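Student: Just passing along the structure, written as C-alpha cells.
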Amino acid sequence: MPAHPDLIADNLFDLRADGAPVLYAGRERTSGRLVFPLPADAERFERVELPERGRLWSFTIQRFRPKSPPYAGDEAFVPYAVGYVTLGEAIIVEARLVDVAFEDLRIDMPLRLTTEPFRLATGETRLTYAFAPEGSA
C-alpha cells in the first residue's frame, strides 16, 4: 500500500479513491485474533479493513492540555472528546470524537469514520482518523 503523504502514520488508515477513510487492523494468522493498530509484522498479521460504522462504547472529555508531543501546544487549548468505538463484533478502537457537542454524546450512539486535521509539534498538519455521529456533515 503506498503511503499517503498527508496521513498521520503509515498502515493506520488510508483514503480511498473517493476520499473516504478506511481503518486497518491486523488479523493474527495463527489465531484469527484482531488487533489495532495493524502491526508491522506482515508474516504474523494480515491487513484487515475495519467497518466504517460503529457504536460509541465509552468516552471522556479531554479538558486539559496534553503534556508532551505530538500535541503542538503553542495554540490555545480547546477541550475535545475521545471515545472507544466498537467496530463489528471483534474490536474496539480509540479515537477522537468530532462534530458533536459534548452533552449530546451517548453510549451506543451510531458513529461513522471520518478524518480530522492534526497539527504536529513541527507545525505540519496531517490527517488522522476520527469518528462523528451518523448523519453529521
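Each reported figure results from applying straightforward, stated rules to the coordinates on display, with no laboratory input. Bear in mind that the values here come from a model prediction, so they are computed numbers and not experimental data. Every residue, glycine among them, receives a Cβ derived from its backbone with ideal geometry; neighbour counts consider all protein chains shown.
Student: Give the percent of DSSP beta bridges with both residues in the chain that are antiparallel, rounded to the nearest 5.
Tutor: 90
Student: When the expected Rg is taken as 2.2 N^0.38 Å, what fraction or multiple of it is the alpha-carbon Rg of the chain?
Tutor: Relative to the 2.2 N^0.38 Å estimate, the chain comes out at 1.09.
Student: May I pose another question? Where nothing but the Cβ of Lys and Arg (+1) and of Asp and Glu (-1) is charged, how large is the charge dipole of the stretch 13-133 around its Cα centre, in debye to the nearest 20?
Tutor: My answer is approximately 220 debye.
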